[in-house]
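Asker: One structure, as structure tokens, below. Some questions next.
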Amino acid sequence: MKLLIIVPAYNERENIERVIDQLIQDYPQYSYVVVNDGSKDDTAQICRRKGYNLIDLPVNLGLAGGFQAGMQYAEKHGFDYAIQYDADGQHRAEYIGKLLEECEKGNDIVIGSRFAEKKKPLSLRMLGSRLISGAIRITTFRKIKDPTSGMRVYSRRMIELFAHHTNLSPEPDSVAYMIKSGAKVSEVQVEMDERIAGVSYLNAPKAMFYMLRMVVSILFIQVFRSPVRLKEPGPKDET
Amino acid sequence: MSDTLRIVLIVASVLCLLFMLRKISQSKVRIDDAIFWIVGAFVLVIISIFPQIPSWCCDLLGIQTPVNFLFLFMIFILLVKLFYMTIRVSQLESKVKELSQRYALDHMDDEVKQDEK
């Protein structure tokens, strides 16, 4: 089993060193790749100076495009699993092993879920999460408790799909579409930290638009998409 | 709004939805870009089913007939969309420019190295 940790980074000069140094020191058994998504600050220079494994995108593609570049890297280098890992220090590396274990049981997508066992707080911030959960539940009959969690492990056949598909992004609507296509999705309880430095790209209007986009996509688009044909899980082909 | 107009609007919206869904399954359009058309089609369907909404807006804005309001509304939405599209196209063009410049410069180094060997 080979796991690639994909770390998309956009203007993360304050966090990237701490996050990657911790991965290198404490988890040398995993490979990682930083995808610098055309940062305007010196994220790329920091990575080069420290000698990190870096995909340096010359222009900003957004999270989906950056993550996809990481998936292409995973596909090209024959990784069996890939995990999306935030560069801002919200994700905790100690849960990677737990997620990977769950994925090795034959799951295609394993979500690092804040609410798999714990209750979701009744806050305005979680309203979006609830709406998206509800939309997924109506359309796929599956309960995904933390659809917006960015910490997800993908299996080899997911890597091959996500690496090239125009409309598969690391977002809840793709998870819904994959469930519909017959992929096995499961959740594992994790804890997450608040981001330590820098600012989140999600402000209130952006978060609203994101929610609208997700709910419309799950309710009105993913339902009518014909399911993608999945490869049979099994011994991986050595190509 | 006449019943015929309402039916025409509903049929056009449904066709727009079907067309977008087809393009999505062909991977010809990104979902992010299709959302605008899908939400737009839904708004038109709702306006056609509940003509009270444009009538109410007419009274509010002092417009004579709902059809006129519909024209104004659509032109306004399309102008806003066009405005954002202009920005998108500009950004895309500068990204393509940056990419090809970077590609060319990076490859220039490659050729020099090959010549030295």
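Asker: How crowded by other chains is B:25-36, given as the mean number of beta carbons from other chains within 10 Å of each beta carbon? Mind showing how you got there, number by number?
Answerer: Numbers: counts 6, 1, 5, 2, 2, 4, 15, 7, 0, 5, 8, 1.
What the average comes to for B:25-36 is 5.
Asker: Over the whole of A:207-217, what's the average partner chain Cβ count within 10 Å per residue? Rounded to a whole number, please.
Answerer: On the way: counts 0, 0, 1, 0, 0, 2, 4, 2, 0, 7, 6.
The shielding value for this peptide is 2.
Asker: Quick one: work out Rg over Rh on the C-alpha atoms of segment A:3-222, Rh as Kirkwood radius.
Answerer: Details: Rg = 16.5 Å, Rh = 17.6 Å.
Across segment A:3-222, the Cα-based Rg/Rh ratio is 0.94.
Asker: For segment A:118-135, in order, what is each residue's ³J(HN,Hα) by Karplus, 6.51 cos²θ - 1.76 cosθ + 1.60 with θ = phi - 60°, in whole Hz (x at glycine and Pro)?
Answerer: Karplus-based 3J(HN,Hα) across segment A:118-135 equals 8, 7, 6, x, 8, 10, 4, 5, 8, 4, x, 4, 5, 4, 5, 3, x, 4 Hz.
Asker: For each of B:79, A:124, count neighbouring Cβ atoms within 10 Å of the residue's Cβ, then give the residues from fewest to most. Don't jump to the answer; show the numbers that get you there.
Answerer: Numbers: B:79 10, A:124 7.
Ranking B:79, A:124 by Cβ neighbours within 10 Å, fewest first, gives A:124, B:79.
Asker: Also, I was wondering about something else. For chain B, set up a GNM with springs between Cα atoms under 10 Å and report which of B:72, B:60, B:99 has the largest fluctuation.
Answerer: B:99
Asker: Quick check on the exposure proxy: order B:87, A:16 from fewest to most C-beta atoms within 10 angstrom. Numbers along the way, then the final one.
Answerer: On the way: B:87 10, A:16 27.
Listed from fewest to most nearby Cβ atoms, that is B:87, A:16.
Asker: Would you mind checking which residues have amide H under 5 Å from residue A:55's amide H? H placed 1.01 Å from N; only 5 or more apart, or other chain.
Answerer: Those qualifying (amide H under 5 Å, at least 5 residues apart or on another chain) are A:34, A:35, A:36.
Asker: Rank A:60, A:203, A:36 by mean-square fluctuation in a GNM of chain A with C-alpha springs under 10 angstrom and give only the top-ranked residue.
Answerer: Residue with maximal mean-square fluctuation among A:60, A:203, A:36: A:203.
Asker: Of the listed pairs A:2/A:180; A:118/A:143; A:105/A:231; A:120/A:184, which have alpha-carbon separations greater than 21 Å here?
Answerer: Details: A:2/A:180 27 Å; A:118/A:143 14 Å; A:105/A:231 17 Å; A:120/A:184 23 Å.
Result: A:2/A:180; A:120/A:184 exceed 21 Å.
Asker: Fewest first, what order do B:42, B:69 take by the number of other Cβ atoms within 10 Å? The partial results should precede the final answer.
Answerer: On the way: B:42 15, B:69 22.
Least to most surrounded, the residues fall as B:42, B:69.
Asker: Please turn the phi angles of segment A:18-23 into ³J(HN,Hα) values with the Karplus equation 6.51 cos²θ - 1.76 cosθ + 1.60 (θ = phi - 60°), one per residue in order, whole Hz, x for glycine and proline.
Answerer: Once rounded to whole Hz, the list reads 4, 5, 6, 4, 5, 4.
Asker: Shifting gears a bit: Can you run phi through the Karplus equation (6.51, -1.76, 1.60; θ = phi - 60°) for segment A:56-65 and list ³J(HN,Hα) in whole Hz, with x for Gly and Pro?
Answerer: Along segment A:56-65, the couplings run 9, 6, x, 10, 6, 9, x, 4, 4, x Hz.
Asker: Hey, can you grab everything whose amide H is under 5 Å from the amide H of residue A:31? Only 5+ residues off in sequence or another chain; H modelled, so Pro and N-termini drop out.
Answerer: A:3, A:5
Asker: Pull up the cross-link candidates among the lysines for residue A:206, meaning alpha carbon to alpha carbon under 19 Å and not fewer than 8 places away within one chain.
Answerer: Output for residue A:206: B:81.
Asker: Among A:18, A:49, A:125, which one moves the most in a GNM of chain A with springs linking Cα atoms closer than 10 Å?
Answerer: In the Gaussian network model the winner is A:49.
Asker: A follow-up question, please. Rounding to the nearest 20 debye, state how big the charge dipole of segment A:3-222 is about its Cα centre with +1 on each Lys and Arg Cβ and -1 on each Asp and Glu Cβ.
Answerer: Values: 28 positive and 27 negative charges, 171 e Å.
Around 820 debye, computed over segment A:3-222.
Where a number appears in this text, it was derived from the coordinates with a stated rule and is not lab data. Keep in mind that this is a model prediction, so the values were computed, not measured. Heads up, the Cβs are rebuilt from the backbone with ideal geometry, glycines too, and the neighbour counts pull from every protein chain shown.
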